[in-house]
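The structure appears right after this line, and notes come after that.
The values are calculated or read from the model by the stated rules, or taken from the named source; none is laboratory data. Here the structure is a predicted model, which is why all the values come from computation and not from measurement. Cβ placement follows ideal geometry from the backbone for every residue including glycine, while neighbour counts extend to all protein chains displayed. The accessibility values were calculated without ligands, DNA or RNA, using every heavy atom of the protein model including side chains. Shrake-Rupley method; radii C 1.70, N 1.55, O 1.52, S 1.80 Å.
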Amino acid sequence: MFFSGKEVRVTSEYVESSQGDAEEIAKTLQQVDTLLASEKLHQLYQGDAAELRKNVRKMLVSIRTDLEALDNLEKEDPFKTDPTLANQRYKLIKNIESAKVDFEFEIVPALEKLTRQVVETSKQNPPAQVDEQALPPPPPGEKWTVQKVLDTASQFVEQAARAGAIFTKAYTLAKALGLVLGIPIP
């Protein structure tokens, strides 16, 4: 089978785009894993975050492995002319796409539910004070207060609900959760 230059270019563009998306997902999964490991989370969340963390870690390992293998494959066959590698490339891309779908329909909804519950629980039982050292710099001319932290976290949750891109939604939810837990997400 022979691919024209246009087909190779389209495939390359797709692989690069898909890899970029997968790298963003992997970065967000790493941040979410850090948040799910927090002791403070267990104080604020009545549900069991262990299952979500297990799924996050499993997806993180899978997506990192597939990205590394695809990157190595691209280095081996940069012009995509070796037909013996086509099936392997296809399988890796399929795995990455499957992980993206699982991220969108399993991880993000569970993260949203958890974040909303943590923010609501924190509003009902606000902490006495905030640890400003653990928080990101406050908006210019302002100081972090318990109410400011909770209001900002609520705003992040609402922004996430309106986000178009799934990684933007997940990242914004992670920022909200991190703010409440005192674990800043850059």
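Miscellaneous remarks
- Only Lys, Arg (+1) and Asp, Glu (-1) charged, at Cβ; the stretch 34-159 dipole about Cα centre in debye: 180
- In the full protein context, the stretch 16-143 carries 60 Å² of accessible surface per residue, based on a 1.4 Å probe and ignoring ligands, DNA and RNA.
- Here the chain exposes an accessible surface that is 53 percent carbon and sulfur, computed with a 1.4 Å probe and the other protein chains kept in place.
- Of 27/100; 58/123; 113/143; 54/100; 113/175; 91/113, pairs whose Cα-Cα distance is over 21 Å: 58/123; 113/143; 91/113
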